[in-house]
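> This is the structure I want to talk about, given as structure tokens.
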Amino acid sequence: MKLDPRVPTGPIQDKWDKHRFDLKLVNPANKRRFEIIVVGSGLAGGSAAASLGELGYHVKCFCYQDSARRAHSIAAQGGINAAKNYQNDGDSIWRLFYDTVKGGDFRSREANVYRLAQVSVNIIDQCVAQGVPFAREYGGLLDNRSFGGAQVSRTFYARGQTGQQLLLGTYQALSRQVAAGAVEMYPRTEMLDLVVIDGRARGIVTRDMVSGEIRSWVADAVVLATGGYSNVFFLSTNAKGCNATAIWRAHRRGALFANPCFTQIHPTCIPQHGDYQSKLTLMSESLRNDGRIWVPAKAGDTRAADQIPEAERDYYLERRYPAFGNLVPRDIASRAAKTVCDEGHGIGHGGRGVYLDFADAIERLGRDAIEAKYGNLFEMYERITGEDPYTVPMRIYPAPHYTMGGLWVDYNLMSTIDGLYVIGEANFSDHGANRLGASALMQGLADGYFVLPYTIGDYLSRHMGEEPISADHAGFKSVEDEVEGRIQRLLSIDGRRTVDSLHRELGHICLDLCGMSRTQAGLEKAIGDIAALRDEYWQNLKLVGTNEELNQSLEKAGRVADYFELAELMCRDAIDRQESCGTHFREEYQTPEGEALRNDEDYTHVSAWEYRGEGEEPVLHKEPLEFENVPPSQRSYK
Amino acid sequence: MRLTLHIWRQRSSRERGRFETYRLDEASPDMSFLEMLDVLNEQLTERGEDPVAFEHDCREGICGSCGLMINGKAHGPEKGTATCQLHMRKFRDGDAIRIEPWRAKAFPVLKDLVVDRTPFDKIIQAGGFISVNTGSAPEANLVPVPRNTAERAMDAAECIGCGACVAQCPNGAAQLFTAAKVSHLALLPQGQPERWQRVQKMVEEMESYFGSCTNFAECEAACPKEISIEFIARMNRDFLKSQFRGS
Ligand SMILES: Cc1cc2nc3c(=O)[nH]c(=O)nc-3n(C[C@H](O)[C@H](O)[C@H](O)COP(=O)(O)OP(=O)(O)OC[C@H]3O[C@@H](n4cnc5c(N)ncnc54)[C@H](O)[C@@H]3O)c2cc1C
Ligand code: FES
């Protein structure tokens, strides 16, 4: 199989314009004849479904929550980037492009990233027109802040609820199309498989999460916008229902999975407090602007924070990175926290935590100023931990947060299955080996509002006037049978362990051995451990109830079954990539100072894995990456 | 912590429900309320009993999925806090806790503590949007919006659509939810062209599902985002004005 990224020729600034002109169009009367399935109603899926509906296509949109408005995009706090240069501080499309390629540690596709930076400005226009109440300055114009270590202020925000407000904008646009009859919305409906007929994606099979009904849906094209797979780690900042089932099933049907080992662990989350913990809560990265991170200098020091004198504290980020200090990028901050905890300096439950201390900032700026900036975050922290961060330093620890890996897509956002498009966090596209803060919201909306609606027309125009197929086609029936068979198999195991207990254990393996720092030996061990646990899963799982009812354990069980397979691929990919880049840190490949050491000669490529069947080794395909505009350099934050 | 839990169990919307009593000895003050239910569910599953179905997703107080009547209060005893953000340290060792689904005619129970809130989506579909197609938006800074106006719009826009307002209201009214969306859009310059027709359509749709508001103001007290009932007055004014303006 040859991977063709279909990147248009010509200078990078002109590629997208030229490509849009070259794409074939579907005339308005014909759009009505096409049926498009969009799975997911987050920023990516919601914006795509609404825009396609506006264009005149027939759209069916699915989500697993009870309403499209609850997709996990809603939880994003910090903001969304756009190259508006409203602050006159030297920002530009080129700079956003440059920062994103560099931030991704030179493992993303330049042409995609440039387009993302280009359309970022349209996103803000669109959202404002929809009524998104972004923060404003006194003159009434839009406010910005600098975020995630960027040197310019290009982040637009709505209090600490940017994701919520953007998603509600999308949901409103979607609701308008539902009312107009252009989009049919199917909440509480989970996609459990993809149907591929004659090499083309022709529909999906779903389970009605209230009645248990298994059903087929036919379409001319299928769009997956199902989000990321951080929940493979069990504990993450993702919502409990986030899952990889849609993309994993598509992978098994022929879509290559790209860079599965590129997963981001966010440095500022509230640490785990007990073994019953169900998820981890993110504390906005902006806290690092004023908080100072430290641990006791003496390993095993159990004194309370206020009993530890200044001289016996180690401000390890300030010590190791004098230039950037507490503001080093996410991957570096996370890894450093793990290192000091591994060395026995960690604080709190299980020694897995570091202090984020506001005492100096409060003394310098006053409590009121800190309250004005971070009041709601401090409140949230106190609600969860019962501690007052104005008087006791916060405790934080890194947590799985975002997955750069995902299904491989070309410049048109089409996977290796004809007619299967993948957008938002579910694809692998724009962030390389590390995503910058406030860039995921931008990518989801770019894909859904401004890229997919153009590129999908080109594909559909080539299938005009073909005989429609029906859900009675044998191709659908056989997938339905497989789906039902899998559910029955899960329900009939009748073992002794709950889904959560097994998922938790899988998460431990992944975080320990394929998390912030990885080694060949550890990853090989992980693959063995995962396989053993997976065997136990299929022999010792206990589910109560039937398929024909609302059955939340059954929902989880299907998702976790897929996580087992994905976890193994993640480890394989991490073994194969014998370099350190972005969030992927292999201990064998580091500089003498302990920083990530890339190997551009051998690994300037996307690793795209092909599924070869149960028990078979997956096959690796490589898409070489070229950097014509941003020459690779070593990141340095010293 | 040792707890006695009285939980509403109902197999489906077609069957009748009842309270069941469970003992839980393994709760800890640091647990969230939903984690406490997770622990119960693990035990039930191990015993071969059907775990309690309850809605949840983000567990960060923002998606609006969760929502339980806890001792007769929507989202429980802590002000401005969704169920998923409520922690067991707000309860005492030995407490008995009564846990029920949202009770409202418009929100039928699907199973145990899970209800159907589809009418909320219908209200938004009736007009809770600004009609602007993708690509047709003008430059974002063309229309300045006074900071206070944007902040006020944001106060309303924070609604998470959980339904606590309806559940707490003795009439099962959805005024606070509807008013939050009406006001969010009516406050902004971008929302003006459709302002009068929007409020009419949304209120009409609301009335076809929900009871009437008689100013108990219990909704405001139950709202996890503490959305003010001033928005209801605002919506009522707009609704009245819209009658004179035609559509
Ligand atoms: C706590 C948190 C804070 C964040 N903060 C920021 C930030 O400040 N800035 C930023 O840029 N990014 C941030 N991110 C990242 C960003 O929010 C996400 O990457 C982005 O919102 C993902 O959007 P999406 O549309 O791809 O997926 P999602 O919003 O996750 O939507 C997925 C959709 O797919 C549906 N779905 C999934 N599986 C199935 C299935 N099998 N069947 C049917 N439907 C299915 C779901 O119901 C949902 O509708 C944050 C992420 C988290 C977790
Ligand atoms: S689970 Fe999302 S608000 Fe409670």
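> Bin by bin, in steps of 10 Å, what percent of the Cα pairs in chain B do you find, going until the bin that has the longest distance?
P(r) for chain B, in whole percents per bin: 7, 29, 30, 19, 11, 4, 0.
> Quick one: with all protein chains in place, what share of the accessible area of the range B:3-111 is carbon or sulfur, to the nearest percent (1.4 Å probe)?
The value for the range B:3-111 is 45 percent carbon and sulfur by accessible area.
> Tell me, what is a quarter of the convex hull surface for the C-alpha atoms of the range A:345-390, in nm² with one decimal?
Mean shadow area of the hull around the Cα atoms is 3.6 nm².
> Follow-up. Treating the range A:382-522 as a set of equal point scatterers at the Cα positions, no solvent, please give the Debye-formula log₁₀ I(q)/I(0) at q = 0.15, 0.19, 0.20 Å⁻¹.
With one equal scatterer per Cα and no solvent, log10 I(q)/I(0) is -1.14, -1.19, -1.20.
> What order, most packed first, do the peptides A:74-86, A:28-40, B:203-215 have when packing is the mean number of other Cβ atoms within 10 Å of each residue?
A:74-86, A:28-40, B:203-215
> Dividing the convex hull volume of the alpha carbon atoms of chain A by its residue count, what do you get in Å³ per residue?
Output value, Cα hull per residue: 153 Å³.
> Normalized C-alpha radius of gyration of the range A:474-603, against 2.2 N^0.38 Å?
My calculation over the Cα atoms of the range A:474-603 gives 1.33.
> I've got another one for you. Modelled label-to-label distance, B:Gln197 and B:Asp95, 7 Å Cα→beta-carbon offset: nm?
For the pair B:Gln197/B:Asp95, the computed spacing is 5.0 nm.
> Calculate, in whole percent, how much of the Cα-Cα pair population of the range A:598-638 lies beyond 17 Å.
For the range A:598-638, the fraction of Cα-Cα distances above 17 Å is 51 percent.
> Considering amide H positions built from the backbone, and no H for Pro or chain starts, which residues 5 or more places from A:Val195, or on another chain, come under 5 Å of its amide H?
A:Arg202, A:Gly203, A:Ile204, A:Val205
> Between B and A, buried accessible area summed over both sides at probe 1.4 Å, in Å² to the nearest 100?
Buried: approximately 6300 Å² between A and B.
> Taking only the alpha-carbon atoms of the range A:22-147, what semi-axes of the equivalent ellipsoid follow from 5 times the gyration tensor eigenvalues under a square root, in whole Å, largest first?
That gives 29, 20, 16 Å for the three semi-axes.
> Enter the angle in degrees (range 0 to 90, nearest 10) between the Cα long axis of helix A:330-342 and the first principal axis of the Cα atoms of chain A, meaning the one along which they spread out most.
Orientation of helix A:330-342: about 60 degrees from the principal axis.
> Right, something else. Scale the Cα Rg of the range B:117-245 by the rule-of-thumb value 2.2 N^0.38 Å and send over the ratio, two decimals.
Its radius of gyration relative to the 2.2 N^0.38 Å reference: 1.04.
> For the peptides A:350-360, B:174-184, what is the packing order when you average, over each peptide's residues, the other Cβ atoms within 10 Å and list the highest mean first?
B:174-184, A:350-360
> Can you tell me the equivalent ellipsoid semi-axes for the range A:99-228? Use √(5λ) from the Cα gyration tensor, largest first, whole Å.
Three semi-axes, in Å: 35, 22, 14.
> Between B:Val52, A:Tyr321, B:Gln192, whose Cα lies farthest towards the positive end of the dipole of the protein assembly as shown when Lys and Arg beta carbons carry +1 and Asp and Glu beta carbons carry -1, centred on the Cα centre?
The residue sitting farthest along the positive end of the dipole is B:Gln192.
> What ³J(HN,Hα) values, in whole Hz, does the Karplus curve 6.51 cos²θ - 1.76 cosθ + 1.60 give for the range A:279-288 when θ = phi - 60°, with x put for Gly and Pro?
Those phi angles translate into 7, 10, 9, 6, 10, 3, 4, 4, 4, 6 Hz.
> Taking beta carbons within 10 Å but only from partner chains, what does the mean come to for residues A:273-283?
Average per residue, whole number: 5.
> May I ask for the angle, rounded to the nearest 10°, between helix A:499-514 and the longest principal axis of chain A, with both axes built from Cα atoms and the value confined to 0 to 90°?
60
> Here is a follow-up. Taking square-rooted eigenvalues a ≥ b ≥ c of the alpha carbon gyration tensor, is the range A:243-360 rounded, prolate or oblate, where a/c under 1.5 means rounded and, failing that, a/b exceeding b/c means prolate?
Verdict is prolate for the range A:243-360.
> Looking at the square roots a ≥ b ≥ c of the eigenvalues of the Cα gyration tensor of the range A:422-503, which shape do they give, rounded for a/c under 1.5, prolate if a/b is larger than b/c, or oblate?
It comes out oblate by the Cα gyration axes.
> Quote the charge dipole size of the protein assembly as shown about the Cα centre in Debye, to the nearest 20; the model charges only the Cβ of Lys and Arg (+1) and of Asp and Glu (-1).
2000
> For the range A:15-44 and the range B:201-247, what is the separation of their Cα centres, given in Å?
One Cα centre to the other: 39 Å.
> When the accessible area of chain A is split by element with a 1.4 Å probe, what percent falls to carbon and sulfur?
48
> Please give the helix A:367-385 orientation as an angle from the longest Cα principal axis of chain A, in degrees from 0 to 90, rounded to the nearest 10.
Approximately 70 degrees, to the nearest 10.
> For B:179-188, what's the mean count of beta carbons from other chains sitting within 10 Å of each residue's beta carbon?
Mean partner-chain Cβ count within 10 Å for B:179-188: 2.
> Using a Gaussian network model on chain B with a 10 Å cutoff between Cα atoms, which of B:Leu185, B:Leu113, B:Leu142 fluctuates the most?
B:Leu142
> Looking at chain B, send over the antiparallel percent of its DSSP beta bridges, to the nearest 5.
DSSP beta bridges in chain B are roughly 75 percent antiparallel.
> Output the pairs from A:Lys102/A:Lys556; A:Lys477/A:Lys622; A:Lys338/A:Lys622; B:Lys73/B:Lys225 with a Cα-Cα distance over 27 Å in this structure; if there are none, say none.
A:Lys102/A:Lys556; A:Lys477/A:Lys622; A:Lys338/A:Lys622
> Mean shadow of the range B:3-111, computed from the convex hull of its alpha carbons, in nm²?
Mean shadow area of the hull around the Cα atoms is 6.9 nm².
> Using θ = phi - 60° and the Karplus form 6.51 cos²θ - 1.76 cosθ + 1.60, what ³J(HN,Hα) does each residue of the range B:214-222 get, whole Hz, x for Gly and Pro?
Whole-Hz 3J(HN,Hα) from phi for the range B:214-222: 10, 6, 6, 6, 5, 4, 4, 5, 8.
> Quickly rank A:617-626, B:102-111 as a protection proxy: mean count of other C-beta atoms within 10 Å, highest first.
Ranking the peptides A:617-626, B:102-111 by packing returns B:102-111, A:617-626.
> Also: Working from the pairwise distances between different alpha carbons, so that the mean of 1/r is found and then inverted, what is the range A:12-94's Kirkwood radius in Å?
15.9
> Where the centre of each part is set by its Cα atoms, how far does the range B:43-73 sit from the range A:252-313, in angstrom?
27
> So in the protein assembly as shown, what percent of DSSP beta bridges are antiparallel if you round to the nearest 5?
In the protein assembly as shown, approximately 70 percent of DSSP beta bridges are antiparallel ones.
> Give me a single rounded figure for A:176-184: the average over its residues of other chain Cβ atoms within 10 Å of their Cβ.
Mean shielding count: 3.
> With a probe of 1.4 Å, find how much accessible area the protein assembly as shown has per residue, and write the answer as a whole number in Å².
In whole numbers, the protein assembly as shown has 35 Å² accessible per residue.
The values are calculated or read from the model by the stated rules, or taken from the named source; none is laboratory data. From a predicted model like this one, the values you see are computed outputs, not experimental measurements. For neighbour counting, all protein chains shown are included, and Cβ atoms are generated from backbone atoms with ideal geometry for every residue, glycine included. These area figures cover heavy atoms from the full protein model, side chains too; ligands, DNA and RNA do not enter into them. Shrake-Rupley method; radii C 1.70, N 1.55, O 1.52, S 1.80 Å.
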